[in-house]
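Written out below as structure tokens is the structure these notes cover.
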Amino acid sequence: MSGLLRTATVPSAATAASRRWWALGVVVAAQFMFVVDAFVVNVAIPSIRRDLGATAGEMEAVLALYQIAYAACVITGSRLGDIYGRRRVFLTGVLTFTATSVWCGLAGSGAELVIARVAQGASAALMVPQVLATIHALFPGEGRGRAFAIFGIALGMGGAVGFAAGGWLVTLDLGGLGWRTIFLVNLPIGLAVAAAAARLMPAGERRPGTRLDIAGAVLLFVALIALIGPVLAGHELGWPWWLWLVMADGAILLWVFLRLERRVERHGGLPLIDLALLGNRGFLRGLAAAFSFHFGNVSFYLLMTFFMQASLGFSPLQSGLAVGPLAIAFTIAAHYAGGWVAKAGVRVLLLGCGIQLLGIVALFDVAMFLPHAGMTTMMLVLPIFGAGQGLVMAPLAGVVLARVPTTHAGSGAGMLNTTQQGAGAAGVAAVGAVYAVGGVNGSLILLAASVVATAMLLRRIS
């Protein structure tokens, strides 16, 4: 009888193990879709502006407000997952993101596209934080390194593929839709992800009777808008004095938010963030490392857009093709990163930072000595940076969240996502400002500094 019982439980265990990997594939696909949409617009901006007759300010808003809306709402989205169950909130986010993507693709003016992008970013804030929280919960021990490596591949590949796909889709002009295909392609993908998630994704724990801290959510939203918005708009507006005042107000509101959350906790409520994490030095150092890393790595793709199209004269299609080898190098490095980190720890990420620096030096030399470099040169140089990026980005989220208890996965993932988005926004603003004054080489020096800072912070975690 005991033998029969053992035989009966083996398939069940195997099925459960297989199911969690399929669930991982589903949530990672959603993460990939979100990242692609953050980058796919870059190379399509000239086409969008011509077709809609949009202003330069509206086009900057199309890029920036997607990130701002997401960053301002993501902690609230993560807490909603803790309260109502990750699958339910994830499905709501995926379907809303899909609908708002279609809205972006059908927009008839620059102003309408800006509003649709805000809605798209806000809906992503329901979807994306459930990804990290689900991985953290599904893989508490064995397989965690590999799972976060797959997540990292989606994160990095999303940037490279978004950059490339924007050029390809605009050039192919499928059905005469032009730039609109970069958004409309999300319709079949989003519906497929939602259907798979409904079947495969675990529901996650719920907290019946617990309500969202609405006052805290509103206060945090306003504080983050005040902090991040000016960073992205500063260069366009010329950094007037009142913009600094807005940022100062944001910092004050963030302090008020923390005081409010402590009060909610004292009265037995559920704060929007897990306040215990603010005393977790390992987690906070991890957040600092993530900020420094994403400051440079998100803005890197914007800088390459400037460099290849404005300086080297590449078309959108050529720019997309030039990034292809970078994506391949990233994927290979990220594939091995999880296993290597399991054996060598944070030293693998430090190695990745070193390789990134080599890639930046190589790009610096190209900009300095080869002002008419062609696609072949860029296809040989960019993979150096991509390999280093893959060794860091793939395992970084796992390294940071390893300091977070599984019961607080949603809150930790939300704080990490907000940090990453805020860093990306700050990096884009800083690189844009430096590029206007010091050109590509000045911007590359800034990116090199962010890589060095990342390495120094990672050393403190190890």
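Annotations
- VAL256 paired with HIS372, simple spin-label distance in nm, labels 7 Å along Cα-to-beta-carbon: 6.0 nm
- The calculated FRET efficiency for the pair THR210 and LEU172, based on their C-beta separation and a Förster distance of 51 Å, comes to about 0.55.
- Cα principal axis extents for region 259-336, largest first, Å: 60, 31, 18
- Spacing of the two label points (7 Å from each Cα toward its C-beta) at ALA56 and ALA310, in nm: 1.0 nm
- Checking (i) 33.1; (ii) 23.3; (iii) 28.1 against mean projected area of the Cα convex hull in nm² calculated from these atoms, the matching label is (ii).
- TRP22 paired with ALA402, simple spin-label distance in nm, labels 7 Å along Cα-to-beta-carbon: 3.1 nm
- Length gained when the stretch MET456-HIS267 is fully extended (0.36 nm per residue, less Cα-Cα span): 64.1 nm
No lab work stands behind these numbers, since they all come straight from the coordinates. Since this is a predicted model, take the numbers as computed values, not measurements. When we count neighbours, we look across all protein chains shown, and the Cβ atoms used for this are built from the backbone with ideal geometry, even at glycine.
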